[in-house]
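Participant: Dropping a structure here in structure tokens format, bear with me for questions.
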């Protein structure tokens, strides 16, 4: 059987990533292949089996072990897909490190940054290079990814930055956390804010370089905000979940971007929520009172 389209989702053994893999498997065809990835071999195997057995599944589903903190592994997988299939058609970068409110943000910073940011940079660089014309490269972020959520002193680090400059800014932030100067420099206590801003800035940087070529052949590179999702990762941070979506419901708007026939140039390189652009300069910094963080 000849494979037609290749789709890959990171962090796909649970939550939103799992829902995205299920949705792709249902909407794509029998000749298409979904690569469901995660770092736990057993959880990936279990999720792959369960998605394959769903009655709605049409495409083939394969599990691949991928630790996104291993940037060399990301590069190898991208090259393997280029060699075997000629590239990839859909990439959704979704992996996230779970962090609880009672945990020290500073002590978990390295893992959080490695999963959310270093991995995002590697995926954009490695899979951007093997994305076939008409493909989709989406990074799952959040409403916190707009620049206004950062202290104004930090805006110059990300506004109009290249991918290399975004990487430098992220490592500067990491260093400031370790040497105890982060708060003094304007970095918020809550890791999620600069992490998401950096993710969107990285997408914008890559998109700026590719825009003309991608729009000419119907390719979309963007950051996506799925809205509030009821998952094990997000639930500890909110007391009111009355408006939270199930992972399956939250996946729908992301999948609509994947399967839209014509790419809207207004969405290209932007942070998109429910089909609408969230302006890059919008937002206000979160309120922080000692260890209390109000998103």
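Participant: Using Cα-only point scatterers and the Debye equation, what is log10 of I(q)/I(0) for the chain at each q in 0.09, 0.12, 0.15 Å⁻¹, rounded to two decimals?
Facilitator: Debye curve over Cα of the chain, log10 I(q)/I(0) at q = 0.09, 0.12, 0.15 Å⁻¹: -0.40, -0.73, -1.17.
Participant: 222 nm [θ] for the chain, helices only, -39500 (n - 2.57) per DSSP H run of 4+, per residue, to 500? Walk me through the intermediate numbers first.
Facilitator: Details: 9 runs with 116 residues, N = 295.
The helix contribution divided over the chain gives -12500 deg cm²/dmol.
Participant: Same structure, new question: With an 8 Å Cα cut-off and a minimum separation of 6 or more residues, compute the relative contact order for the chain in percent.
Facilitator: On the way: 565 pairs, mean separation 54.5, N = 295.
That works out to 18 percent.
Participant: Mind listing the Cα extents of segment 177-225 along all three principal axes, in Å, largest one first?
Facilitator: In descending order, the Cα extents are 47, 20, 14 Å.
Participant: Next question, about the same structure. Can you give the % of DSSP beta bridges in the chain that are antiparallel, to the nearest 5?
Facilitator: Taking every DSSP beta bridge within the chain, about 20 percent pair in antiparallel fashion.
Participant: Helix 15-27 versus the longest principal axis of the chain: what is the Cα-based angle in degrees, 0 to 90, to the nearest 10?
Facilitator: Between helix and principal axis, roughly 30 degrees.
Participant: Separate question: Nearest 10 degrees, 0 to 90: what angle lies between the long axis of helix 119-128 and the longest principal axis of the chain (Cα atoms)?
Facilitator: 40
Participant: Right, another one. Would you mind ranking 155, 178, 281 by Cβ crowding within 10 Å, fewest neighbours first?
Facilitator: Details: 155 15, 178 12, 281 9.
The order, fewest Cβ neighbours first, is 281, 178, 155.
Participant: Rank-order 160-170, 111-121, 97-107, 210-220 by packing density, defined as the average count of other C-beta atoms within 10 Å over each peptide's residues, highest first.
Facilitator: Details: 160-170: 18.0, 111-121: 22.1, 97-107: 13.3, 210-220: 15.3.
Put in order of decreasing packing, that is 111-121, 160-170, 210-220, 97-107.
Participant: So between residue 41 and residue 277, what do we pick up on full extension, going 0.36 nm a residue minus the alpha carbon distance?
Facilitator: Details: separation 236, 0.36 × 236 = 84.96 nm, distance 3.64 nm.
81.3 nm is the gain from fully extending residue 41 to residue 277.
Participant: In degrees from 0 to 90, rounded to the nearest 10, what is the angle of the helix 192-217 Cα long axis to the longest principal axis of the chain?
Facilitator: Helix 192-217 sits at roughly 40 degrees to that axis.
Participant: Still on this structure, please answer the following. Highest mean first, what order results for 25-32, 193-200, 256-263 on Cβ atoms within 10 Å? The partial results should precede the final answer.
Facilitator: Details: 25-32: 16.2, 193-200: 26.8, 256-263: 13.9.
The densest-packed peptide leads the list: 193-200, 25-32, 256-263.
No lab work stands behind these numbers, since they all come straight from the coordinates. Because the structure is predicted, anything quoted here is derived from the model rather than measured. Counting neighbours? That spans all protein chains shown, and the Cβs are built from the backbone with ideal geometry, glycine included.
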